[in-house]
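Nothing in this text is a laboratory measurement; each read-out follows from the coordinates by a stated rule. Just so it is clear, the structure is predicted and the values come from calculations on it, not from any experiment. Backbone-built Cβ (ideal geometry, glycine too); neighbour counts: all protein chains shown.
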Amino acid sequence: MTDTPHPGRHGRLSVMCSAVDGVRIVALHGEIDHAVTDELSRALIPVDGATPPRTVVDLSDVTFMDSSGINVFIAAHHRVNESRGWLRIAAPQEPVLRVIQLIGLDAVIPCHATLEQARTA
């Protein structure tokens, strides 16, 4: 496993990227709103394109997400699918899970109760 902080930190969101068995783990901490969409996009959409991206986004420490976060997830999902990869969501807290379910994002991007389930599904 490798841990690397994502360049740049906004006061309300921090991003930690790691890899386990070829799966990128993007752990987010804080709040996801319009002020952090650029940083979130950079974290979710890989630049290198060498291999199909397999990414799990750990939302266990995200306390708030609005529609701008949903939009970033949908854009990232489309980009990753174009590269024949996948994007999964792991361990959202109840308030964030309600937003995900209300919007129907969990019907587009698989959402799992734990990081391990998301990584190995």
Please rank Thr37, Thr114, fewest neighbouring Cβ atoms within 10 Å first, as an exposure proxy.
Thr114, Thr37
The FRET efficiency for Gln117 and Ala35, from their Cβ-Cβ distance with R0 = 35 Å and rounded to 0.05, is 0.70
Residues with amide H under 5 Å of Arg88's amide H, sequence separation 5 or more or different chain, H placed in the peptide plane at 1.01 Å from N; which?
Thr55, Val56, Val57
So I have [x] 25, 15, 15; [y] 25, 22, 11; [z] 19, 16, 14, and one of them is semi-axes √(5λ) of the Cα gyration tensor in Å calculated from this model. Which one is it?
[z]
If you plug each phi of segment 88-93 into the Karplus form 6.51 cos²θ - 1.76 cosθ + 1.60 with θ = phi - 60°, what whole-Hz ³J(HN,Hα) values come out, in order, with x for Gly and Pro?
9, 10, 10, 6, x, 5
Net charge within 9 Å of Phe64 by Cβ-Cβ distance, Lys/Arg positive one each and Asp/Glu negative one each, not counting Phe64 itself?
-2
How would you rank Phe73, Phe64, going from fewest to most other Cβ atoms within 10 Å of each one's own Cβ?
Phe64, Phe73
